[in-house]
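One structure below.
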Ligand SMILES: *Cc1c(COP(=O)(O)O)cnc(C)c1O
């Protein structure tokens with residue numbers, strides 16, 4: 001199959017034509033229960049009537065004006081994010097990586113504004129993922145993503161997750177910030193220990209450093225809280241969000257306190273597309289639903305239920321499922337080392353369920369936040385089929401070896 005697309009993805013030979021709620025229909029008519037959500041993006045599922053209405057209504061008015069003019073819908077969305085979080089100010093972007101770029105630049109500029117332009121370094125963590133721009137691949141530190149792209153952007157010092165002594169040992173006079181995902185997504189749903197995040201907060205306060213959270217995947221209700229930091233009772237100074245806030249429309253944001261943002265004065269940063277009226281209308285529509293009373297509580301409730309069902313699945317298939325972890329509807333199933341996660345995801349697909357592989361031999365469950373108990377039950381029934389198929393493959397492999 002030749003394609004004019006740059007071959008940077010090993011695409012699965014499936015194309016979807018339509019979707020509704022958590023269900024997708026492929027061009028051949030086959031239906032899938034989508035527990036990948038386009039990588040935690042389809043927060044309200046597919047064809048949500050409120051999002052459709054916002055898209056059509058704004059689409060008929062105006063899509064784009066540039067940031068040379070006021071954008072009232074953006075001011076409103078920023079105010080709502082500020083009211084619902086630790087932050088005082090917001091910068092809108094088109095993607096997660098751009099939200100991180102803004103966060104990284106802001107942290108550096110804060111130190112510069114305080115008279116310490118030399119304090120540009122950031123501590124980051126093994127297994128992290130912050131995007132694919134030159135700065136964010138350096139921050140993420142994944143060698144596969146850095147290879148062949150020239151010298152990595154300087155200023156990132158990587159240490160193991162949940163290891164406070166390693167953080168302390170990596171501190172230099174030039175260290176000005178710590179960047180961390182409260183729950184690593186691409187890294188395999190690795191959850192930070194609450195005591196670790198609290199210690200990072202203290203360390204930052206003691207040393208005049210900024211604490212930057214990457215909640216591109218964990219934010220906007222995904223974990224059963226609006227933002228994952230609420231699970232820990234630790235507030236960042238700067239936070240990037242994206243994925244879920246657009247419900248499928250490319251939208252990201254960098255949130256910050258006034259203090260942390262003090263270096264970002266007139267002309268220090270910009271974007272042509274970011275925060276355009278169409279994106280802002282859709283972001284507001286997502287928040288209408290996510291902030292409605294009971295919505296996020298329900299994510300926590302269904303997430304817990306799903307996690308319990310997955311724990312039962314682990315009990316039934318101990319040779320396949322090694323561990324279940326995560327919060328809310330950001331869950332990871334770590335598989336036995338003999339069962340490759342990509343093979344398992346293919347077996348789940350055979351059973352009509354979409355899940356997403358991650359590092360550490362994990363498959364991620366990131367379903368639309370609108371699912372209820374029936375979808376959770378159905379997903380686990382389909383995962384059960386994938387487990388049975390994996391057990392059969394393991395048995396066949398053993399036979400060959402014997
Ligand atoms: C997806 C992701 C990013 C990058 O977002 P893009 O929109 O792909 O640039 C950054 N950080 C985290 C935690 C992510 O999950």
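For the chain, what's the relative contact order in percent, using C-alpha pairs closer than 8 Å and at least 6 residues apart?
Taking the mean separation of contacting Cα pairs over the length of the chain, I get 22 percent.
Would you mind computing, in nm to one decimal, how far apart the modelled labels at residue 47 and residue 76 are, each placed 7 Å from Cα along Cα→Cβ?
For residue 47 paired with residue 76, the spin-label model returns 2.7 nm.
Calculate the FRET efficiency for residue 199 and residue 5 from the Cβ-Cβ distance with a Förster distance of 56 Å, rounded to the nearest 0.05. Don't jump to the answer; show the numbers that get you there.
Details: r = 45 Å, r/R0 = 0.80.
Here the calculated transfer efficiency is 0.80.
Taking the 0 to 90 degree range and rounding to the nearest ten, how far is the long axis of helix 295-316 tilted relative to the main principal axis of the chain, both from C-alpha atoms?
Around 40 degrees separate the two axes.
Quick one: work out the % antiparallel among DSSP beta bridges in the chain, nearest 5.
On the way: 32 of 49 bridges.
Around 65 percent antiparallel, to the nearest 5.
Among 354, 329, 68, which one shows the biggest mean-square fluctuation in a GNM of the chain, springs joining Cα atoms closer than 10 Å?
Of 354, 329, 68, the most mobile in the Gaussian network model is 68.
When a footprinting reagent is the concern and you count Cβ atoms within 10 Å, what order do 126, 337, 373 take, fewest first? Mind dumping the intermediate values first?
On the way: 126 17, 337 8, 373 12.
Ordered by Cβ neighbours within 10 Å, fewest first: 337, 373, 126.
Ranked highest first by average number of other Cβ atoms within 10 Å, how do 24-32, 82-90, 392-400 line up? It would help to have the intermediate numbers written out before the result.
Working: 24-32: 13.6, 82-90: 17.1, 392-400: 10.9.
The densest-packed peptide leads the list: 82-90, 24-32, 392-400.
Just 175, 265, 124 to compare: in a GNM of the chain, with alpha carbon springs under 10 Å, which one fluctuates most?
265
Taking the beta-carbon count within 10 Å as an exposure proxy, list 23, 63 from fewest neighbours to most. Write down the numbers at each step before the final one.
Numbers: 23 18, 63 12.
So the residues, fewest neighbours to most, are 63, 23.
Just how far, in whole angstrom, is the stretch 24-56 from the stretch 209-257 if you go by their alpha carbon centroids?
22 Å
By how many degrees, 0 to 90 and rounded to 10, does the Cα axis of helix 96-113 deviate from the longest principal axis of the chain?
In the chain, helix 96-113 runs at an angle near 30 degrees to the longest axis.
Run the simple label-point estimate for residue 166 and residue 391 please: 7 Å along Cα→C-beta, distance reported in nm.
Reported label-point gap for residue 166 and residue 391 is 3.6 nm.
Among 150, 59, 187, which one moves the most in a GNM of the chain with springs linking Cα atoms closer than 10 Å?
150
Would you give the gap between the C-alpha center of the stretch 134-186 and the C-alpha center of the stretch 364-402, rounded to a whole Å?
A separation of 34 Å, based on Cα centres.
Nearest 500 deg cm²/dmol is fine: what mean residue ellipticity at 222 nm does the chain get from its DSSP H runs of n ≥ 4 alone, each adding -39,500 (n - 2.57), divided by its residue count?
Working: 13 runs with 158 residues, N = 402.
Value at 222 nm, helices only, nearest 500: -12000 deg cm²/dmol.
Which of 64, 269 has the fewest other C-beta atoms within 10 Å, and how do the rest follow up to the most? Working shown, then result.
Numbers: 64 11, 269 17.
In order of increasing Cβ crowding within 10 Å: 64, 269.
Based on alpha-carbon centroids, what's the gap between the stretch 339-359 and the stretch 96-112 in Å, whole number please?
Between the Cα centres of the stretch 339-359 and the stretch 96-112 lies a distance of 35 Å.
Starting from 0.36 nm per residue, how many nanometres of slack lie between residue 112 and residue 337 once their C-alpha separation is accounted for? Let's see the in-between values first.
Details: separation 225, 0.36 × 225 = 81.00 nm, distance 4.67 nm.
That pair, residue 112 and residue 337, stretches by 76.3 nm at full extension.
Let me see the pair-distance distribution of the chain: every alpha carbon pair, 20 Å bin width, integer percents in order.
So the P(r) values, bin by bin, are 27, 57, 16, 0.
If a/c stays under 1.5 just call it rounded; otherwise compare a/b with b/c (prolate if a/b is bigger, oblate if not). Do that for the stretch 133-271, with a ≥ b ≥ c from the square roots of the Cα gyration tensor eigenvalues.
Details: a/c = 1.15, a/b = 1.05, b/c = 1.10.
Rounded shape, in that the Cα axes give a/c under 1.5.
How far is helix 72-83 tilted, in degrees, relative to the longest principal axis of the Cα atoms in the chain, given as a value from 0 to 90 rounded to the nearest 10?
That works out to roughly 80 degrees.
Okay, which of the stretch 242-278 sit inside 15 Å, backbone N to the point 7 Å along the Cα-Cβ direction of residue 174?
none
Calculate the tail of P(r) for the stretch 5-114: the fraction of all Cα-Cα distances greater than 18 Å, expressed in %. Don't jump to the answer; show the numbers that get you there.
On the way: 4257 of 5995 pairs.
Considering the stretch 5-114, 71 percent of its Cα-Cα pairs are separated by more than 18 Å.
No lab work stands behind these numbers, since they all come straight from the coordinates. All values derive from a computational prediction rather than experimental measurement. Positions of Cβ are backbone-derived with ideal geometry, glycine not excepted, and every protein chain shown enters the neighbour counts.
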